[in-house]
Amino acid sequence: MAAMQNDRKNSKCLEGKHAVVFGAGGSIGAAVAKEFAAEGAEVFVSGRSKSNVDEVAMQIEAAGGRAHAAVIDALNDGAVNEYLDAVVKQTGKIDIVLDAAGPVAKEYGNGKIATDLPVDEFMLPLMTMVKSRFITARAAAQHMVKQRSGVIIFVTGSPARAHVPGATAIGAAFGAIENLTENLAFEVSPLGVRVVCVRTLANIDSRSIQDTMEFLAGQLHITKDQAVAQIAQSNFLKVPATVRDTANAAVLIASDRARMLTGTVVNASAGAALD
């Protein structure tokens, strides 16, 4: 019994899996890629900045993992399809796809209330994040349906449910992504492909939240640390979330331990955004 318990502790839940992470040069994408690799997956990291994705790949390999970096714009449908075709040709299959690409928070007016939000800023997350999620998920699903296995993971945040002011643009995009989760799963899960979304709380060490906290601190005439503390008070646990928390949730969803999860949103917002 003790030997079996030790084997389970030492086992890696993504061993033998091939994972693709788009937007891996950003804080959340990088954290997810590193955790996937730490759990045994061979990880293909991509993004628009060569230096960023190269750095993530080097960090993974330095920790004993396997990683391959590529410069891919997740908004380029042709490039995404060619990239996934190449990954499948190299590995034989794709087991996990997660897209964390997106603009910086100030570009979509995070922190601005709706009456002060320009139309272009409101539309930006819809034209970038929602568009790229569809492009990468569709391309992945086309391969996964053929192999009758795989999991597509989306990541949203607590603004998917209205609970804080100033999140109109990103909240609309998150709502669309969560709806995409259900509709895509309805179509591809009967063919063996899981589609799951993790709704996280504001990750205080992510670039987008750091930028938002700076903006809010200026608006409210408080310090950045005080703005971050207010976020922690918005959830049941009264503790701030980090990119590592999001990455750990993604690992669980990607693993076979979550094989019955599909077409659903895993609410990891610590009660900040209830359904």
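Could you calculate the contour length gain from residue 93 to residue 252, that is, 0.36 nm times the residue separation minus the distance between their Cα atoms, to one decimal place in nm? Present the calculation step by step, with values, prior to reporting the outcome.
Details: separation 159, 0.36 × 159 = 57.24 nm, distance 2.00 nm.
Full-extension gain reported as 55.2 nm.
Classify the stretch 51-163: rounded, prolate or oblate, from the alpha-carbon gyration tensor (a ≥ b ≥ c, eigenvalue square roots; a/c under 1.5 rounded; otherwise prolate if a/b is larger than b/c)?
Details: a/c = 2.24, a/b = 1.68, b/c = 1.33.
Prolate.
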Notebook entry, point to check: Roughly what angle does helix 50-62 make with the longest principal axis of the chain, taking Cα atoms, 0 to 90 degrees, to the nearest 10?
Noted result: 60 degrees
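Run through the stretch 1-100 and list the GluC sites (Glu not before Pro) located in a DSSP loop whose Cβ has at most 12 other Cβ atoms within 10 Å.
Qualifying residues, ordered by number: 15.
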Notebook entry, point to check: From the square roots a ≥ b ≥ c of the eigenvalues of the alpha-carbon gyration tensor of the stretch 35-93, which class results: rounded (a/c under 1.5), prolate (a/b over b/c), or oblate?
Noted result: oblate
Next item on the list: For every other residue with a beta carbon closer than 14 angstrom to the beta carbon of residue 151, add +1 if it is Lys or Arg and -1 if Asp or Glu, then tell me the sum.
Entry: +2
Notebook entry, point to check: Taking amide hydrogens as modeled 1.01 Å from N in the peptide plane, which residues meet the under 5 Å criterion relative to residue 241, leaving out close sequence neighbours?
Noted result: 204
Item checked: Of the trypsin sites (Lys or Arg not before Pro) in the stretch 117-169, those whose Cβ has at most 13 other Cβ within 10 Å and which sit in DSSP loop -> 148
Note to self: Past 26 Å, Cα to Cα: identify those pairs from 50/224; 12/238; 17/89; 34/224; 17/50, in the order given.
What the structure shows: 50/224; 12/238; 34/224
Next item on the list: Please give the per residue accessible area of the chain, computed with a probe of 1.4 Å over protein heavy atoms only, in Å².
Entry: 48 Å²
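Ignoring any ligand, DNA or RNA, what whole percent of the accessible area of the chain comes from carbon and sulfur when the probe is 1.4 angstrom? Write out the running numbers ahead of the final one.
Details: 7200 of 13150 Å².
Heavy-atom surface of the chain belonging to carbon and sulfur, 1.4 Å probe: 55 percent.
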Note to self: What three numbers, in Å, describe the spread of the alpha carbons of the stretch 157-275 along their principal axes, ordered from the longest?
What the structure shows: 53, 26, 23
Margin query: Can you give me the long-range amide H partners of residue 150? Hydrogens built in the peptide plane at 1.01 Å from N, cutoff under 5 Å, separation of 5 or more residues or another chain.
Written below: 194
Checklist line | Pairwise label distance in nanometres, residue 58 with residue 113, each label 7 Å out on the Cα-Cβ vector | finding: 4.7 nm
Notebook entry, point to check: How far, in degrees from 0 to 90, does helix 168-188 lean away from the longest principal axis of the Cα atoms of the chain, to the nearest 10?
Noted result: 30 degrees
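The values are calculated or read from the model by the stated rules, or taken from the named source; none is laboratory data. No experiment lies behind these values; they were computed from the predicted model shown. Note that each Cβ is placed from the backbone with ideal geometry, even for glycine, and that neighbours are counted across all protein chains shown. The protein model used for the area step is the full one, side chains on, heavy atoms only, and it has no ligands, DNA or RNA in it. Shrake-Rupley method; radii C 1.70, N 1.55, O 1.52, S 1.80 Å.
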